[in-house]
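Below is one structure, written out as structure tokens; comments come after it.
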Amino acid sequence: MSEYLPPLEKLIEQFRKLPGVGRKSAVRMAFSVLDLSDEAAENFSSAITDAKKQIRHCEICHNLSVDEVCPICADDTRDHTLICVVEDAKAILAFEKVRGFRGVYHVLGGVISPINGITPDKLAIADLIKRVRDGVKEVIIATNPTVEGETTATYISSLLKNTGVTVSRLAYGIPVGGDIEYADEVTLNRAIEGRRAF
Ligand code: ZN
């Protein structure tokens, strides 16, 4: 039996579902929620439901969006013939901070990982191939330099081989085993400049 009252235990369990939150941290978070005013607690819970209700995936690139098409895909001043393929929407934020990239993106929604049941059909790869056939000149594959990221990059490049587009991969700058999301501006810029053709 739990040492906490059932409603509190339920709250602790919800916090434990978040990445990197262990039992101890979850208990601390749950207790701080109890310390919130009724209004603050209400704001907290409605922020969760509102975000879930209002945010969806862009129909073109699968980036997070409030509208059907995200602001990046809707921007005519960007180069829509250059697509940067990323694992998740968080990577887009990192690239946008750099401001050196004026193309558009494609969010895969993960990387190929058979051990975890993530096969190519579970990712937005087929959509990417469809987009590429529509006048795209270059695809930069910006998956993280992990084993799965490399596998995914190789797989995508093989699918794009006979389409006539230039396929490149972020080459250096990002440490192996690193995460694009946490790379600094210089590192990310160097990685874009140093991309290489497959
Ligand atoms: Zn989009």
If only one of Ile83, Ile118 is more than 12 Å from the chain's Cα centre (by Cα), surrounded by 15 or more Cβ atoms within 10 Å (Cβ to Cβ) and away from the ligand (no atom under 15 Å from the Cβ), which one is it? Ile118
Applying the selection to the stretch 45-70, what residues are touching a helix residue (DSSP H, G or I) at 6+ places or on another chain (Cβ under 7 Å) and either assigned by TED's automatic domain parsing to the domain that holds Lys90 or farther than 26 Å from Ile129 by Cβ (or both)? Val66
Of all residues in the stretch 102-115, which are under 15 Å from Ala89 (Cβ atoms) and within 15 Å of the ligand (Cβ to nearest atom)? Val104, Tyr105, His106, Val107, Leu108, Gly109
Can you say whether Ile55 is surrounded by fewer than 19 Cβ atoms within 10 Å (Cβ to Cβ), more than 11 Å from the ligand (Cβ to nearest atom) and over 19 Å from the mean Cα position of the chain (by Cα), as far as the supplied structure shows? no
Breaking point among (1) hydrophobic (A, V, I, L, M, F, W, C); (2) at pLDDT below 95; (3) within 18 Å of the chain's Cα centre (by Cα); (4) surrounded by fewer than 22 Cβ atoms within 10 Å (Cβ to Cβ), for Ala142: (4)
Taking the criterion of being within 22 Å of His80 (Cα to Cα) and out of contact with any strand residue (DSSP E or B) (no Cβ under 6 Å at 6 or more places or on another chain), would at least one residue in the stretch 136-147 satisfy it? yes
Among the residues of the stretch 83-116, what is the count of those that are closer than 25 Å to Asp184 by Cα, of a type outside the set (Phe, Trp, Tyr) and either part of a helix (DSSP H, G or I) or touching a Phe, Trp or Tyr at 6+ places or on another chain (Cβ under 8 Å) (or both)? 13
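The values are calculated or read from the model by the stated rules, or taken from the named source; none is laboratory data. Please read all numbers here as calculations on a predicted model, not as lab measurements. All Cβ positions, even for glycine, are placed from backbone atoms using ideal geometry, and neighbour counts span all protein chains on display.
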